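S.K.: I am attaching a structure below and will ask some questions about it afterwards.
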Amino acid sequence: MTTVTLHHQVEHFFSQGSAGYDAEILQIVPLYPQLFEELLESCTFPTSSLDKEAPLNILELGCGTGNLSLLLSQVYPNAQLTVVDASAEMVALAEAKISQPQRVTPVVSDFRMLSIAPNSVDLVISSLALHHLPDEDKPGFYQQMLGWLKPGGLFRCADQAILNPRTEGLDYQLQRWETKALANGADPAVLAHWKTHLLTQDHYATVPEHLSWLSDAGFTDIDCYWRVAFWAVFGGAKGPY
Ligand SMILES: C[S@@+](CC[C@H](N)C(=O)[O-])C[C@H]1O[C@@H](n2cnc3c(N)ncnc32)[C@H](O)[C@@H]1O
């Protein structure tokens, strides 16, 4: 199966599910609010890097319905946000949620196909989206992303990650995910729907793999800032600050 076919399947899944996304994601990702809190917190370290009041240029990959986009627009009140998603339905919902057209540039695109000026972005950020890239595409995409960042710019990502050893790590994380989602009151039919997506369209890596790909791409100050069960926040910087 080619990357392009996979991409269309992912786009179709999220376009079809865009209207119900906000209600469903809160059921199936029990730590969704905390994930955002930790992701935004990770952008405050190191303290010398991003000035919240500055006219930052922020690029959000896989914005979905705009839940993180909205928080970014509030935390960084003078920033320009470019929010990207392969699904036009998702981008339209994100745009409506922020409702500040002068500050937001919505883009419907595969984020691998973006044309971004080199050294132009202060923060590349993403939640629950990069696991849609096949693992073989991730190292090259991290290199592409480093080129977009200004010196001193940050990359921060919240995503699902498996444990080492990989095969057992995937089974273990999936079991934990189902247990936590059901305990969180997830509708079993909704969970089953997402599990099919997860098993056929998601590509989970381990945190050490992400950190090593970031290092190979040339990022500095690479770290995992937070991790609970299936969810992790990690990233790096384009040195020097
Ligand atoms: C699970 S949703 C996460 C949405 C949002 N970031 C959030 O945290 O709620 C993943 C989103 O990434 C988008 N996506 C996945 N792969 C993509 C790609 N290669 N290019 C652009 N968008 C992509 C999907 O269309 C979907 O809206």
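Values in this text are rule-based calculations from the coordinates and carry no lab data. This structure is a prediction, so every number in the text was calculated from the model and none was measured. Heads up, the Cβs are rebuilt from the backbone with ideal geometry, glycines too, and the neighbour counts pull from every protein chain shown.
S.K.: What helices does the chain have that are whole DSSP H segments, at least 18 Å long along their own axis by Cα, and with mean Kyte-Doolittle hydropathy of 0.0 or more?
M.R.: On the way: long enough: 3-16 (20 Å, -0.32); 166-183 (25 Å, -1.08); 188-201 (19 Å, 0.11).
Correct list, ordered by number: 188-201.
S.K.: Sticking with this structure for a sec: What residue among GLU95, GLU53, GLU11 has the largest mean-square fluctuation in a Gaussian network model of the chain, using Cα springs under 10 Å?
M.R.: Result for the chain, Cα springs under 10 Å: GLU53 fluctuates most.
S.K.: Within 10 Å of each residue's Cβ, count the other Cβ atoms and sort PHE13, PHE45 from fewest upward.
M.R.: By the 10 Å Cβ count, ascending: PHE45, PHE13.
S.K.: About the Cα centre, and with charges only on the beta carbon of Lys, Arg (+1) and Asp, Glu (-1), how big is the dipole of the chain? Nearest 20 debye, please.
M.R.: Details: 13 positive and 27 negative charges, 51 e Å.
Rounded to the nearest 20 debye, it is 240 debye.
S.K.: Normalising by the residue count of the stretch 74-157, find the relative contact order in percent from Cα pairs under 8 Å and 6+ residues apart. Don't skip to the answer; put the middle values down first.
M.R.: Working: 82 pairs, mean separation 25.1, N = 84.
Worked out over the stretch 74-157, it gives 30 percent.
S.K.: Antiparallel DSSP bridges in the stretch 3-237: what percent, to the nearest 5?
M.R.: Numbers: 13 of 34 bridges.
Of those bridges, close to 40 percent are antiparallel.
S.K.: So what is the relative contact order of the stretch 100-201, in percent, for Cα pairs below 8 Å that sit 6 or more residues apart? Show your work: numbers first, answer last.
M.R.: Values: 60 pairs, mean separation 27.4, N = 102.
Computed over the stretch 100-201, the figure is 27 percent.
S.K.: If R₀ is 22 angstrom, what is the calculated FRET efficiency for the pair GLN34 and LYS195, using the beta carbon separation as r and rounding to 0.05? If you can, show how the numbers build up before the last one.
M.R.: Working: r = 22 Å, r/R0 = 0.99.
The value I calculate is 0.50.
S.K.: Note the full-extension length gain between GLN80 and THR179 as 0.36 nm times their separation in residues minus their Cα-Cα distance, in nm to one decimal.
M.R.: On the way: separation 99, 0.36 × 99 = 35.64 nm, distance 3.91 nm.
That pair, GLN80 and THR179, stretches by 31.7 nm at full extension.
S.K.: State, as an integer percentage, the relative contact order of the chain based on alpha-carbon contacts under 8 Å between residues 6 or more apart. Display every interim value, and only then the final one.
M.R.: Values: 423 pairs, mean separation 53.0, N = 241.
Taking the mean separation of contacting Cα pairs over the length of the chain, I get 22 percent.
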